[in-house]
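**Student:** Structure incoming, see below.
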Amino acid sequence: MIQQIYPVPSHPYEYELNKDMHFAAAHYIPAESAGSCSEMHGHTYFANITIAGDALDETGFLVNFQQIKKLIHKRFDHTVINDDEKFQGDLKFPTTEVMAKVIYDIIQEHLDTLTHAPRCLQVFLRETPTSYCIYRPKGNGHEEDPCS
């Protein structure tokens with residue numbers, strides 16, 4: 001595995017965890033202006049998820065890494081992303097930018113069920129060796145997400 005260092009937002013939390021994962025998926029952007037991306041094609045996406053908080057759960061974890069991986073890898077690996085329910089309606093095309101926000105939404109929805117209140121601070125999503133996107137909610141997750 002290649003060791004990577006990712007940009008991290010500053011935050012006031014005591015703990016910060018990062019989870020790397022990858023998944024292989026196909027997608028297309030159904031718009032003529034997308035050029036060759038309007039045709040079905042695949043990527044091996046690499047994601048880094050940054051989660052922070054001040055309290056640990058009863059087992060001493062900020063978050064269970066296995067659960068975070070299941071939420072994303074199990075859902076998207078070896079799929080056509082366009083078929084996922086998150087991309088139905090509202091012309092939500094699975095660009096790297098939109099994918100990063102969708103991953104954030106899925107993870108934060110899970111974190112919101114945990115009593116010790118960890119927050120997803122950042123999703124770093126690499127689509128190709130030369131292109132990636134970082135999604136960070138405004139206010140480091142302390143405020144209502146304006147993109148929802």
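**Student:** Heads up, I need the accessible area for Glu39: 1.4 angstrom probe, whole protein in place, Å², nearest 10.
**Tutor:** Surface accessible to solvent at Glu39 totals approximately 120 Å².
**Student:** For the range 1-60, how big is the tail of P(r) above 15 Å, as a whole percent of Cα pairs?
**Tutor:** Cα-Cα pairs of the range 1-60 separated by over 15 Å account for 67 percent.
**Student:** Compute the angle between helix 96-111 and the longest alpha-carbon principal axis of the chain, please, reported from 0 to 90 degrees and rounded to the nearest 10.
**Tutor:** 30 degrees
**Student:** Now a separate question. How large is the charge dipole for the chain, taken about the Cα centre, if only the Cβ atoms of Lys, Arg (+1) and Asp, Glu (-1) carry charge, to the nearest 20 debye?
**Tutor:** Values: 12 positive and 21 negative charges, 71 e Å.
For the chain, the charge dipole is close to 340 debye.
**Student:** Same structure again: What residue among Ile72, Ile103, Ile29 has the largest mean-square fluctuation in a Gaussian network model of the chain, using Cα springs under 10 Å?
**Tutor:** Residue with maximal mean-square fluctuation among Ile72, Ile103, Ile29: Ile29.
**Student:** Modelled label-to-label distance, Thr79 and Cys37, 7 Å Cα→beta-carbon offset: nm?
**Tutor:** 2.0 nm
**Student:** Which of Gly89, Phe76, Tyr45 sits closest to the plus end of the dipole of the chain, meaning its Cα is farthest towards the positive end, when Lys and Arg get +1 and Asp and Glu get -1 on the C-beta?
**Tutor:** Tyr45
**Student:** As a test of reading the structure, rank Ser10, Ser38 by solvent-accessible area (1.4 Å probe, protein chains only), most first.
**Tutor:** Values: Ser10 95, Ser38 40 Å².
Putting Ser10, Ser38 in descending order of accessible area: Ser10, Ser38.
**Student:** Right, next: Gaussian network model of the chain, Cα springs within a sub-10 Å range: biggest mean-square fluctuation belongs to which of Asn82, Asn18, Asn64?
**Tutor:** Asn64
**Student:** Counting only protein heavy atoms and using a 1.4 Å probe, what share of the accessible area of the range 3-112 belongs to carbon plus sulfur, as a whole percent?
**Tutor:** Details: 3100 of 6150 Å².
C and S atoms contribute 50 percent here.
**Student:** Determine, from the Cβ-Cβ distance of Asp57 and Val8 and an R0 of 30 Å, the FRET efficiency 1/(1 + (r/R0)^6), rounded to the nearest 0.05.
**Tutor:** For R0 = 30 Å, the calculated efficiency reads 0.85.
**Student:** How much area per residue is accessible in the range 36-88 when the probe is 1.4 Å and only protein heavy atoms are counted (Å²)?
**Tutor:** 57 Å²
**Student:** Counting Lys and Arg as +1 and Asp and Glu as -1, what is the net charge of the other residues whose Cβ lies under 13 Å from the Cβ of Lys69?
**Tutor:** Spelling it out: positives minus negatives among the neighbours equals +2.
**Student:** Once you've got the GNM for the chain with C-alpha springs shorter than 10 Å, pick whichever of Thr95, Thr79, Thr59 has the biggest mean-square fluctuation.
**Tutor:** In the Gaussian network model the winner is Thr59.
**Student:** Give the dimensionless ratio obtained when the Cα radius of gyration of the chain is divided by 2.2 N^0.38 Å.
**Tutor:** 1.06
The values are calculated or read from the model by the stated rules, or taken from the named source; none is laboratory data. Fair warning: this is a prediction, and the values are worked out from it, not measured in the lab. Cβ: placed from backbone, ideal geometry, glycine included. Neighbour counts: every protein chain shown. Side chains are part of the model used for accessible areas, which takes the heavy atoms of the whole protein and leaves out ligands, DNA and RNA. Shrake-Rupley method; radii C 1.70, N 1.55, O 1.52, S 1.80 Å.
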